[in-house]
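The values are calculated or read from the model by the stated rules, or taken from the named source; none is laboratory data. Computed from a predicted model, the values in this text were never measured in an experiment. Note that each Cβ is placed from the backbone with ideal geometry, even for glycine, and that neighbours are counted across all protein chains shown. Remember, those area values only see protein heavy atoms, side chains included, never the ligands or the DNA or RNA. Shrake-Rupley method; radii C 1.70, N 1.55, O 1.52, S 1.80 Å.
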Amino acid sequence: PVKRAVRKTSRRATKANRRAARKAALRARRANKVALRARKVAQRAARKAARRATKANRRDCTGILRALLVHRVANSLVVINDPVAVAALADLAIGATREVAVGGRGSRLDEGPVSLAATLVSRSGGGFELEDKQSHLASMVGAHFEMGSCAVVRSAGVTILLTSRKTPPFDLGQLRSQGLEPSDFAVIGVKAAVAHKRAYDPIARASHYVDTRGPCSSSLGQFTWCRLLRPVWPLDTATTFSCTFS
C-alpha cells in the first residue's frame, strides 16, 4: 500500500508539473503573440511616418535657391524637383525666357514657389546611367535612373535643373546627363545629408552645411510640436530633467 501511495503521489505530481508546464507554455505563446502584434503595429506606424516624411520631402524647398538669387551668386547650380514648372516650360523654345514659379510646393514649412524669369537652356526625358555603380543610389535603383521630364533653365546667374521625379543627388551622372559639368560651377546646392559626399567630395574645394527651412531640418526648434511632453532636450534650455514612470 505504501508503494502504491508513493506511485500515485508521484503520478499526481508529474501530471501537475505537466499541466503547469503546458499553462506556462500557453502563457508564453500568448505573450509572444501580443509582442508580435505590438511589433507589427509599431512597424506599420514607422512605415506610415516614413511615407509621410518622404511625401513632405519633395526636394523642392527653395531656401538655397532664394539665397543664390538674392546674393546673385554667379555660376551656381541647384536641382529642384518641380514637375509643374517643367510642364509650364514644355512649349517654350530653347533660348527663350518666361516667368515661371519654381519649387516650394511640397512643404508648408517652405516659403513657397520662387517667381523668376527663366531662360530655357535644354530639356530632356531625364534618364541617365549611374557613373558610380557602387554608390548608395546604385544599391537602391541599379545602374539606371529616370528623373522624368527635365528642363535646365538659367536666371540671374543661377542654373536650375528642374526634374519631374525626386532624385537623390548621389551620382554626378545626374548633372552630366543634362549637359552640366559639375566641376565647372563655383557653387552647387545639394539637398542631402551624407551620401552625396562620395560623389561631390572629389570635385569640391570645400563643403558647407546650411540651415534651411523644410521638413528635414536638423534645427528641431523651428518645428511646432503638438504631442511632445515638455521640457525635453534639446528643445528646452533646462539643464536638469525629471522623469516619472508609471
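Length gained on full extension, Ala16 to Ala42: 5.5 nm, using 0.36 nm per residue less the C-alpha separation.
The residue list Gln134, Ser122, Met147 was ranked by how far each Cα lies along the charge dipole of region 107-154 toward its positive end, using unit charges on Cβ atoms, and Ser122 comes out on top.
Out of every Cα-Cα pair that the chain contains, those further apart than 27 angstrom amount to 53 percent.
Extension gain, Ala96 to Arg165: 0.36 nm times the residue separation minus the Cα-Cα distance gives 22.4 nm. Annotation: the antiparallel percentage among DSSP beta bridges lying fully within the chain is about 70. Sorting Ser218, Ser135, Ser122 by solvent-accessible area of protein heavy atoms yields Ser218, Ser122, Ser135, largest first, with a 1.4 Å probe. Modelled spin labels at Cys216 and Ala117, positioned 7 Å past Cα toward Cβ, are 3.3 nm from each other. Within the chain, how many Lys pairs that are eight or more residues apart, or on different chains, come under 14 Å at the alpha-carbon? Taking the chain as the scope, the lysine pair count is 4.
Approximating the spin labels as points 7 Å out from Cα along Cα→Cβ, the Val187-to-Arg154 distance works out to 1.7 nm. The spacing between region 102-139 and region 206-240, judged by their C-alpha centroids, is 26 Å. Among Lys40, Lys166, Lys23, the largest mean-square fluctuation in a Gaussian network model of the chain, built with springs joining Cα atoms closer than 10 Å, belongs to Lys23. Taking all protein chains together, Ile94, Ile203, Ile160 sort by accessible area into Ile94, Ile203, Ile160, largest first [probe 1.4 Å].
Rounded to the nearest 10 degrees, what's the angle between the helix 2-56 long axis and the longest principal axis of the chain, both from Cα atoms, 0 to 90? Between the helix axis and the principal axis of the chain, the angle is about 10 degrees. Per residue, the chain exposes 65 Å² of accessible surface when a 1.4 Å probe is rolled over the protein heavy atoms with every protein chain present. Heavy-atom accessible area for Ser124, with the other protein chains in place and a 1.4 Å probe, reaches approximately 40 Å². What a 1.4 Å probe finds exposed on the chain is 55% carbon and sulfur by accessible area, rounded to a whole percent.
How would you classify region 175-225 from its alpha-carbon gyration tensor, with a ≥ b ≥ c the square roots of the eigenvalues: rounded for a/c under 1.5, else prolate if a/b is greater than b/c, otherwise oblate? Prolate is the answer for region 175-225, as a/c is 1.5 or above and a/b outweighs b/c. Surface listing: Tyr209, Tyr200 arranged by accessible area from highest to lowest gives Tyr209, Tyr200, probe 1.4 Å. Each label was represented as a point 7 Å from its Cα along the Cα-to-Cβ direction; for Ala206 and His136 these points are 2.4 nm apart.
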